[in-house]
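Data first, discussion second: the structure below is written as structure tokens.
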Amino acid sequence: MRNRLTVVKGYSQLLERVTKQQEVDRARVDAYCMALTDEIAIFEQLLEQYFAAARLQWDDEAINWHAVDLGRLTQQVVTRFDAASPPRG
């Protein structure tokens with residue numbers, strides 16, 4: 001998240017510099033605004049994932065707890081990998 005915030009901060013500083021110039025380059029302003037919008041969307045997704053993980057950690061009812069036959073599960077995984085891997089000489 002820190003990286004995303006650094007990128008957003010950088011684009012906002014670029015926007016500030018560009019808009020203080022006598023002749024504002026609209027194409028650059030538009031490009032920076034679009035980049036900011038994209039970065040903010042990514043940051044929102046990261047926050048949603050973080051909050052979802054936090055809810056799972058604190059909400060036992062959000063997890064579908066049930067017994068699992070580990071032997072059967074292991075066999076299913078091995079079968080899938082065997083089918084997916086090419087035969088070796």
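Data table
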{"item": "Given (1) modelled with pLDDT of 85 or more; (2) exposed (fewer than 10 other Cβ atoms within 10 Å of the Cβ); (3) under 21 Å from the mean Cα position of the chain (by Cα), index of the condition residue 6 fails", "result": "(2)"}
{"item": "Near pairs, Cβ below 7 angstrom, 6+ apart or cross-chain, from the range 1-19 (more than 10 Å from residue 32 (Cβ to Cβ) and assigned to a helix (DSSP H, G or I)) to any residue that is of a type in the set (A, V, I, L, M) and at pLDDT 85 or above", "result": "4/42; 4/46; 8/36; 8/40"}
{"item": "Filter result for residue 79 (at pLDDT 85 or above and β-branched (Val, Ile, Thr))", "result": "no"}
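The values are calculated or read from the model by the stated rules, or taken from the named source; none is laboratory data. In this text the structure is predicted, and so the values were computed from the model without any measurement. Using ideal geometry, Cβ is built from the backbone for each residue, glycine included, and neighbour counts are taken over all protein chains shown.
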